[in-house]
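The values are calculated or read from the model by the stated rules, or taken from the named source; none is laboratory data. Just so you know, these numbers come straight off a predicted model, no measurement behind them. Note: ideal-geometry Cβ built from the backbone for every residue, glycine included; neighbour counts use all protein chains shown. The protein model used for the area step is the full one, side chains on, heavy atoms only, and it has no ligands, DNA or RNA in it. Shrake-Rupley method; radii C 1.70, N 1.55, O 1.52, S 1.80 Å.
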Amino acid sequence: MPTSPPPQPRPRQGRDRRQERPRWPTRLVTAIWVLVLCAGGIGHAVVTRMETGIERVDPFKDMKNRPAGGHGRNILLVGTDGRDRITSGEKRKYRLGGAPCHCTDTIMIVHLSADRKRASIVSLPRDSYAEVPGHTDRSTGEHHEAHPVKINAAYAEGGPHLTVRTVEHMTKVKIDHYLELDFTSFMKTVDVLGGVEICTARPLRDRYTGLDLPAGTHRLNGGQALQYVRSRHIDGASDFGRMQRQQRFLAALIARATESRVLLNPVKFREVTSALLSSVRADKGFGTEEMLALGQAMRGFTPASSEFTSVPVAGINPPVRGIGSTVRWDEAKAKKLFQALRDDKPLASRLPERAGASLVDVPPRRIAVQVYNGTSVRGLGRRVDDALRSAGFRTTRTPGDAELDDVRRTIVMYDPRWDRSAKSLQAALPGCELRAVDGQGGLLKVMAGTDFKKVRPVRANDPYQGKPAAVTGDQVLCP
């Protein structure tokens with residue numbers, strides 16, 4: 001075999017530690033989606049009855065010096081750690097022990113475009129460094145000067161009002177509506193919808209939440225779904241990986257609700273709203289007319305109509321006395337993100353469609369490949385190199401010829417430390433043999449054999465390509 005280009009060592013896939021990400025976004029966006037989708041298919045009188053069951057808050061009272069309004073509507077979604085309505089059996093089964101803290105553990109902005117054709121969902125990391133504005137405690141009357149906190153502490157100090165003020169101060173995005181709920185309704189809603197389908201290219205296990213899913217496609221009930229969106233001890237991606245799973249689950253839930261039209265069934269409608277209204281709080285302005293208008297405009301929504309991202313972060317701040325370590329936003333990128341919300345612009349770029357693609361664990365663009373022709377067929381190495389590159393793999397573009405008799409079966413040689421990459425490459429070369437080579441490094445080598453016919457298209461289980469990017473809902477659904 002001729003000498004190959006020098007290997008290009010790369011960090012082992014999936015080992016990077018990511019910064020803190022919010023813990024419960026799925027149940028929050030579930031609520032807003034279910035409400036507006038229901039409103040689109042059910043009459044005014046029914047929606048009016050539904051509205052009367054929502055507990056009301058006034059987060060905008062006496063607010064001054066607010067950001068200028070942009071195009072579209074912005075809804076602040078806040079999740080609390082309430083678990084007092086979950087049964088003791090469910091707590092044991094789904095590892096939900098401990099007393100509720102009645103604090104905020106998720107803050108998100110949902111932007112509905114002016115043409116009602118797009119929903120942009122931005123997660124604000126719960127440990128983000130923030131400065132709450134000066135305020136007066138509504139219970140004690142005591143005045144507090146502006147001071148630093150983690151952003152999730154704003155709710156504990158001043159409830160919905162201070163939370164909205166803090167978010168507007170940090171983002172310069174005007175909030176039009178406020179929704180708050182705990183995760184009890186999340187479990188019930190998933191069950192009413194008949195479960196939600198998710199898929200994974202590799203096993204997912206987390207001993208803290210009890211999640212244990214083999215590779216493949218699964219339909220999760222409410223409790224299993226809660227385990228799936230809570231898990232953060234699956235791989236080195238930690239909370240970043242958890243956020244991705246939450247977004248993947250939400251996209252699947254939207255697909256379930258819109259494709260099955262289950263929410264247009266009056267009986268199902270009553271079941272879903274009953275599950276939700278037990279734990280929803282909203283501002284007074286989010287009423288019948290608003291829900292009907294949103295629902296009517298969004299009846300044509302699909303998973304591709306939604307997009308997900310989180311505030312870009314630049315690292316961890318040094319510990320602050322009294323509050324500990326906090327997440328530092330990337331100021332330039334965060335400013336650009338929130339400007340896009342104000343300007344009503346899409347956040348996600350479209351990835352090329354790959355019809356019939358197989359689901360793989362490692363994105364092809366993260367896999368370096370050197371191709372060799374192991375046959376006497378002239379030009380086979382170039383053909384394989386071009387096909388793999390078209391499928392997204394980082395080929396060297398300099399295929400070599402092996403001084404061997406015709407190799408019948410295509411071989412993929414890989415360093416055992418890059419076994420996940422090798423399996424992704426194997427999916428693109430069906431029938432090939434995997435051959436471990438200690439010390440080979442991050443460059444995978446393909447010996448094309450006489451059995452080669454074509455490269456099968458593959459699609460990454462991680463559409464984010466290993467980065468905290470913005471993606472659309474259809475990019476994270478099962479193939």
(request) With just the Cα atoms of region 331-448, tell me how far they stretch along each of the three principal axes, in Å, largest first. (result) 64, 29, 25
(request) First select every other residue whose beta carbon is under 10 angstrom from the beta carbon of PRO214; then total the charges, Lys and Arg +1, Asp and Glu -1. (result) +1
(request) Would you please give the residues with an amide H less than 5 Å from that of LEU443, counting only those at least 5 places away or on a separate chain, with H modeled from the backbone geometry? (result) GLN8
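Carbon and sulfur together cover what percent of the accessible area of region 310-381 at a 1.4 Å probe radius?
Looking at region 310-381 in its full context, I get 52 percent from C and S.
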(request) Would you please give the FRET efficiency between LYS453 and GLU197, computed as 1/(1 + (r/R0)^6) with r the Cβ-Cβ distance and R0 = 41 Å, to the nearest 0.05? (result) 0.85
(message) I'd like to check one number: the per residue accessible area of region 381-425, probe 1.4 Å, reported in Å² as a whole number.
(response) 53
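Within region 103-200, which trypsin sites (Lys or Arg not before Pro) sit in a loop by DSSP and count at most 14 neighbouring Cβ atoms inside 10 Å? Write out the running numbers ahead of the final one.
Details: sites: ARG116, LYS117, ARG118, ARG126, ARG138, LYS150, ARG165, LYS172, LYS174, LYS188; in loops: ARG116, LYS117, ARG118, ARG126, ARG138, LYS172, LYS174.
Here the trypsin sites (Lys or Arg not before Pro) that fit, given the DSSP loop and packing criteria, are LYS117, ARG138.
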(message) Checking the table LYS150/LYS335; LYS423/LYS453; LYS64/LYS150; LYS117/LYS333; LYS61/LYS91; LYS150/LYS174 against a 27 Å threshold on Cα-Cα, which pairs fail?
(response) LYS61/LYS91
